[in-house]
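Worksheet for the structure shown next.
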Amino acid sequence: MEKYQPKEIEKKWQERWESAGLYKDYSRAKKFYALDMFPYPSGAGLHVGHPKGYIATDVFSRFKMLQGYSVLHPMGWDAFGLPAENYAIKNKVHPSVATEKNIATFKKQLEAFGFTYDWDREINTTDPVYYKWTQWIFLKMFEKGLAYESNEPVNWCPSCKTVLSNEDLEGGLCERCGTQVVQKRLRQWVLRMTDYADRLLADLDSPEINWEESIKEQQRNWIGKSQGAQFKMSVVINGGSTSIMEVEPPTLAEGNYIEVYTTRLDTVFGMTYAVVAPEHKVIEQLKAQISNYDEVEKYVIASQNKTILERTELQKEKTGVKLEGVEVVNPFNNESVPLFVADYVLGGYGTGAVMAVPAHDERDFEFAKKYDLPIRIVIVKSMGSTAIDTSALPEDEYIAYRINEIQEMLDNKEAFADYGNIVNSTSEYNRLTSQQAREKMTAWLEENKLGQKKINFKMRDWIFSRQRYWGEPIPIVHCEKCGAVGVPEEQLPVRLPEVEKYEPTGTGESPLANIADWVNTTCPKCGGPAKRETNTMPQWAGSSWYYLRYIDPKNEKFLIDQQLEKDWMPVDLYVGGAEHATRHLLYARFWHKFLFDIGVVTTIEPFKKLMHVGLILAEDGRKMSKRWNNVINPDEVIGQFGADSMRLYEMFMGPFSQSISWNTNGVVGMRKFLEKVWKLSAQINTEEGRINTETQNNKKIQTLLHKTIKKVTEDIENFRFNTALSQLMILVNAMEKEYAKSATTKAHMRKEDYEKLLLILSPFAPHLAEELWQKLGNENSIFLQTWPVADEKYLKDEEIEMVVQVNGKVRERLLVAIDVTEDEVKETALENEKVKIFTDGKEIKKIIFVPEKLINIVVN
RNA sequence: GCCCAGGUGGUGGAAUUGGUAUACACGCCAGUCUUAGGAACUGGUAGAGCAAUCUGUGGAGGUUCGAGUCCUCUCCUGGGCACCA
């Protein structure tokens, strides 16, 4: 028999499958759309970690194909981005040149795995034919008022010389280069993602989404919905007595009040001061009334110059300045309290102003301690266990006892932030629970038109412009007369022009600003002189809708044909890294919902099932990186062991979503396994009359085979590839033992059994399975066959091992018929010598019988 | 600090509903073959003990005839968020 030569057969089948168009039958009744997160084609090429997700998707695609589905399984390139641009700056070559080269490398590497990609559908986000539609979507958002210009302070990376979105930050550092980001006031294009916050949150729980809980939870946290109340507090000058209760709400002019947001209105009677953020406009409005304005202004300027990191660093002490000469009035008790400016309050969240309750908020407590401000306890722990018996105490003593407990906490430098029962407020609220008080207080605010319920989100609008070269031009023209005007649809795409220098300017303009004949244009509205927008779109623009384009990649009239969209959407399976949980996956959901609103798509969510692929770490347990010199190249692994062995290893390593270290020895094991399958084909008995011999051994193998079919089917469905493969190994080991090793039993392997084995192995090791399949004389591809279904009649063993326990400990194992009765087992077990050792002379209290599993004899 | 995953042999891991802990694979040990090569073959491999047996799923309790699995507390690791009022 020939030896197993993966190098030869893999190349052969890849070519044949491709030329036969094996993956391009889109005419079947049932559809399945399997999608990988498309890669950024970096100069370094693939390492062994990249293909893990792709292999899983491929296994799934082949499995679905065998189950009779038309499978859409495309691949493409997310090719805009900084590395190509930085390479261009360094080497003076156009980014598209390096990108093209990298794509060729990636494609060649991917092809060695034998993936079922339909390369006719390949897309590239940097192709004008593609980004025409990225620009089109932006225009639609602009038309609907969802894309707007803003001059609010934004995150600026001084090293990359561009603004960044909140999602692009990692702990206040630039996600790409690790530089500290500063706040800068720059004109920016922003997408109103917050308009979709509620739907982005709520639809995570819709049946349209079947995602892992961890990813959903990350998105929930990122969106950060909080429910509270917002209310007004009037500002009084120089200890004046004007309270908001005496001034009719309509006469409250700017500068006469501040508005605060709180989720803990129940603690409002504990307010002993209030705080505004340094950015708050009331500071400017009260300039004349603030007697220490110089000091305040100094503080404001200093905090604006801080980096995000400096401002949010936890260990850092809180700082602030009291606004002398003004106070604010708590509407609940008409008490005026001092007002501070402090940068622990964020300008961009809520109203940029808060009521401060030091007894019941950690941050306020810290600040109050430092500035020696009064601390008033207004909630106490709910009824519950205490150190002493409080049931006999009269109520006032009980409350005094509880307040004392909180006081001890405060003395120990800790605020009491939990919910509890209200005290020290007014009689309407005292003794209510926090939740009850909050509702009653909110109702009071609404009655008196002082405030209302309010929902806030942590998520910000998406800052969408970048001051870099290698991105989609934003299709906007600025006209002095008409303002920002969208480029007419028929003029799309706005092509990225050639430039001399790719360097970012650092001025807040992109390098495109230097190309006069590109920048200067005419206004599409009035025909007058106008300038093009020179900012480009962020890295994440092209990937926010690419899954739609694969469905209809060559459509020149529209981004996707309406019927094809209905046929193929949503994506049934989406596989990629968890690092995209709050960026790509959020952006894509946002765009998809917008496209739904304007009638381009018909599903509310783009990705039905999402699986996140666990990292493959280097053998040293660190991330694979050039820096550590621990990168394993898939080409070498495939060259040494073959693509099928590599595919098997990555699926066998462990649970799919888990990070696991690479171990090349593991690939050896997979190769051994495939060799076994290969050699086993020699055991097929083809002699007339002996083919269907039903020996005892064959029956055993039948049972195992059908159990394996069942398990492999279920495991693939559930992404448990590791256990599917171990079950296949168990089957192959048993077949080898039965047919190849025990010549004396005269067992004969039936061809149909072996073919079933090949079928259920084929998604994992497609080349080997196809080769063996056709060697058996089959003419059509194995992938045009039908996935076997486990036959119930073979699933039950005739004999099973029954465990005999005494007091829960295993003492003996009995081989019994599957349908043995409880009494029969009891009898056998109690007479068993080994069991007797533990039961003799003891009273049998109870016998527990679990059919097909065990019998437990309970003695005293 | 908050949220989410996890902690099982020398290693990666299995045990799907409370029912035989360590399947499958790697590594290691012993042996076979000999072209002294292994990506070949055979057997062994949780720990302690001559053995019967005992002990074992991060730790401490609990529920149960029976717990890796359920409950309470606690320690550790990985990931995410982080002054969001």
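Some notes on this structure:
- Measuring r between the beta carbons of A:LYS554 and A:GLN285 and using R0 = 60 Å, the FRET efficiency lands at 0.55.
- Chain lengthening between A:GLU498 and A:TYR26 when straightened (0.36 nm per residue, less Cα-Cα): 165.9 nm
- For A:PHE340, nonlocal amide neighbours, meaning residues 5 or more places apart or on other chains whose placed amide H falls under 5 Å from its own, are A:ALA274, A:VAL275, A:VAL276, A:LEU323.
- Using 0.36 nm per residue and subtracting the Cα-Cα separation, the extra length available between A:ASN860 and A:ALA484 on full extension is 126.5 nm.
- With a Förster radius of 35 Å applied to the C-beta separation of A:ASP620 and A:ASN733, the computed FRET efficiency comes to 0.60.
- For peptides A:408-416, A:529-537, A:491-499, sequence by mean Cβ density within 10 Å, most packed first: A:529-537, A:491-499, A:408-416
- Spatial separation of Cα centroids for the stretch A:61-95 and the stretch A:477-509, in angstrom: 26
- Whole-Hz couplings from phi, Karplus 6.51/-1.76/1.60, listed for the stretch A:803-816; x for Gly and Pro: 8, 10, 10, 10, 6, x, 10, 5, 10, 6, 10, 10, 8, 10
- Peptides A:433-446, A:804-817 ordered by packing proxy, namely the average of other Cβ atoms within 10 Å per residue, highest first: A:433-446, A:804-817.
- log₁₀ of I(q)/I(0) at q = 0.15 Å⁻¹ - the stretch A:94-182, Debye sum with one point per alpha carbon: -0.95
- About the Cα centre, charge dipole magnitude for chain A (Lys/Arg +1, Asp/Glu -1 at Cβ), debye: 1840
- Cα long-axis angle, helix A:822-831 against chain A (0 to 90 degrees, to the nearest 10): 80
- Residues of the stretch A:622-657 with amide N under 18 Å of the 7 Å Cα→Cβ point at A:SER159: A:625-628
- Subtracting the Cα-Cα distance of A:SER382 and A:GLU335 from 0.36 nm times their residue separation leaves 14.2 nm of extension gain.
- Here the Karplus relation 6.51 cos²θ - 1.76 cosθ + 1.60, evaluated at θ = phi - 60°, turns the backbone of the stretch A:651-663 into coupling constants of 7, 8, 3, x, x, 4, 7, 9, 7, 9, 6, 6, 8 Hz, with x for every Gly and Pro.
- A crude spin-label estimate for the pair A:LYS107 and A:GLU675, with each label 7 Å from Cα along the Cβ direction, gives 3.7 nm.
- Of A:LYS707/A:LYS853; A:LYS52/A:LYS132; A:LYS12/A:LYS672; A:LYS3/A:LYS796, those spanning more than 28 Å from alpha-carbon to alpha-carbon: A:LYS52/A:LYS132; A:LYS3/A:LYS796
- Taking amide H positions as modeled 1.01 Å from N, with prolines and chain starts lacking one, no residue 5 or more places away or on another chain lies under 5 Å from A:THR582.
- Along the stretch A:360-368 the Karplus relation, 6.51 cos²θ - 1.76 cosθ + 1.60 evaluated at θ = phi - 60°, assigns HN-Hα couplings of 10, 8, 4, 5, 5, 4, 4, 5, 5 Hz to successive residues, with x for each Gly and Pro.
- D (Stokes-Einstein, µm²/s), Kirkwood Cα radius, chain A, 0.890 mPa s at 25 °C: 75
- Approximate spin-label separation A:ASN780-A:TYR398, in nm, with each point projected 7 Å along Cα-to-Cβ: 7.9
- Spin-label pair A:LEU815-A:ASN514: with each label point 7 Å from Cα along the Cα-Cβ axis, the two points sit 8.5 nm from one another.
- Within the shell of other residues whose beta carbon sits under 15 angstrom from the beta carbon of A:LEU674, the net charge comes to -1, with Lys and Arg scored +1 and Asp and Glu -1.
- The chymotrypsin sites (Phe, Trp or Tyr not before Pro) of the stretch A:760-805 include none that meets both criteria, a DSSP state outside H, G, I, E and B (loop) and at most 12 other C-beta atoms within 10 angstrom of the site's C-beta.
- Amide H partners (placed H, <5 Å) of A:ILE209, local residues excluded: none
- Each peptide in A:711-718, A:618-625 gets a packing score, the mean of other Cβ atoms within 10 Å over its residues, and the list from highest to lowest is A:711-718, A:618-625.
- With R₀ fixed at 51 Å, the C-beta to C-beta distance from A:ILE844 to A:THR723 puts the FRET efficiency at about 0.85.
FYI, it's all coordinate maths here, none of it is from the lab. Quantities reported herein were computed from a predicted structural model and do not represent experimental measurements. Note: ideal-geometry Cβ built from the backbone for every residue, glycine included; neighbour counts use all protein chains shown.
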